[in-house]
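What follows is one structure encoded as structure tokens, with my remarks underneath.
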Amino acid sequence: MPEAPGEDDRLAEMLAGRRVLVTGHSGFKGGWLCLWLEHMGAQVVGISLPPPTKPSFYEAVGLDRLIDGRFADIRDPEALGRAASGVDAELVFHLAAQPIVRRSHRFPAETFATNVTGTANVLDVARAMPSLKAVVVVTSDKCYENRGWNWSYRETDRLGGTDPYSASKACAELVAECYRRLWFADPAGPQLATARAGNVIGGGDWAEDRLVPDIVRAASNKLPLFIRNPRSIRPWQHVLEALSGYLLLATRLLSSDGASFAGAWNFGPSGEQTVDVETLARAIMACSRELDLPIRFGAEIDAPHEASVLRLDSSKAHAELGWSPRLTVERTLGLTAEWYAAYLRGGADMREISRAQLAAYLEPRSSIGREGLRRCA
């Protein structure tokens, strides 16, 4: 008797052949999302600025040869409109953003323009598409007003932010809610939801002022590393965990009961993966000899404010979507370390390695990631 299709099979069935627009496709998370969508047979168009870093996941996997990638600044509605010319997507994932907290302190107006006005510009383009059925706007766990408490934030908790990045993400949520009530309110029409995830890690991230990319850069240059705020607690999760939530949410929005799934959703890691910076840094360095390097921990003088504790409550996604994290912290670190180790050794086909890691995520019994996992354990 044939095995009943699992959730991953149903995702592929729902998204195969779909016309999908992804903003932010040249970034770390957007690149992995495009790779996954392409794997499922979706017809993907990406719009973003050129890759923000060098190296980048976009270049490492040759994403420009897999999807229809277009470059434009979402802050510029005319440039965005030209880039989206001829695109009639059924599904839109909006990930384009200024994603760095510390950069937001240096360039607050740029951050608000990208994350707030840019979101409105993307939604204007999306709602003009005749075939549109669903939009997922990706914001951040930092959209909540962080009170430093030890329990987890729920979708009904107050939005806010004491730094420009967090405030801009709270504003992006308000923009999305406004559009949802005014232009996505028809139960028979396109549906809009927002998605909030934790601190994603995984192979291919080279962004500034992020823990794992900082470790990789120091290791590649054979330099010691200073890590700030070692006691800060974050909801770490592999990038594929967050993306699995976004994709599952999208398929629910595309269903005949899509209006029931509009609104805000958390996709955070399990409690065991909410660990402090020092614990995660030491663990990932232990996973691969290529990432082993001397480190110092301490607090920066005159550093911008960053919240010390942040946790997400994903019980709504678990109860109503059937979503839950799959990876242990050891497997998350093993997959991450193996990707970077292969890149640093040189000569590897990073597209095939990325596809193999996706296969490993979809098939938990796979051996991919086990070598790094053994070292991490």
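The values are calculated or read from the model by the stated rules, or taken from the named source; none is laboratory data. None of these values were measured; they are calculated from a predicted model. In this analysis, Cβ positions are derived from the backbone assuming ideal geometry, glycine residues included, and neighbour counts consider all displayed protein chains. To get the accessible areas, we keep the full protein, side chains included, count just its heavy atoms, and leave off ligands, DNA and RNA. Shrake-Rupley method; radii C 1.70, N 1.55, O 1.52, S 1.80 Å.
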Unit charges at the beta carbon, dipole of the chain: most positive-side option, Ser288, Leu123, His39: Ser288
Give, as a single signed number, the net charge of other residues whose beta carbon lies under 11 Å from the beta carbon of Ser131, with Lys and Arg counted +1 and Asp and Glu -1. +1
Shape category assigned to the chain from the gyration tensor of Cα positions, a/c cut at 1.5: rounded
With +1 on each Lys and Arg Cβ and -1 on each Asp and Glu Cβ, and nothing else charged, work out how big the dipole of the range 224-289 is about its Cα centre, in Debye to the nearest 20. 280 debye
Quick one: dipole size for the range 97-204, taken about the Cα centre, charges +1 on Lys/Arg Cβ and -1 on Asp/Glu Cβ, in debye to the nearest 20. 140 debye
Leaving out ligands, DNA and RNA, and with a 1.4 Å probe, what % of the accessible surface on the range 111-237 is carbon or sulfur? 54 percent
Return the percentage of antiparallel bridges among DSSP beta bridges fully within the range 171-278, rounded to the nearest 5 %. 25 percent
Provide Arg282, Arg217 ordered by accessible surface of protein heavy atoms (probe 1.4 Å), highest first. Arg282, Arg217
Calculate for the chain the 222 nm mean residue ellipticity that helices alone would give, adding -39,500 (n - 2.57) per DSSP H run of length 4 or more and normalising by residue count, nearest 500 deg cm²/dmol. -12000 deg cm²/dmol
Which value, in Å², gives the accessible area per residue of the chain when a 1.4 Å probe is used on the protein heavy atoms? 42 Å²
Membrane-span-like helices in the chain: DSSP H runs reaching 15 Å or more (Cα, own axis), mean Kyte hydropathy at least 0.5? 239-254
What residues have an amide H closer than 5 Å to that of Ala264, excluding those fewer than 5 places away on the same chain, when H is modeled at 1.01 Å from N in the peptide plane? Thr194
Rounded to the nearest 10 Å², the 1.4 Å probe accessible area of Phe267 is 0 Å²
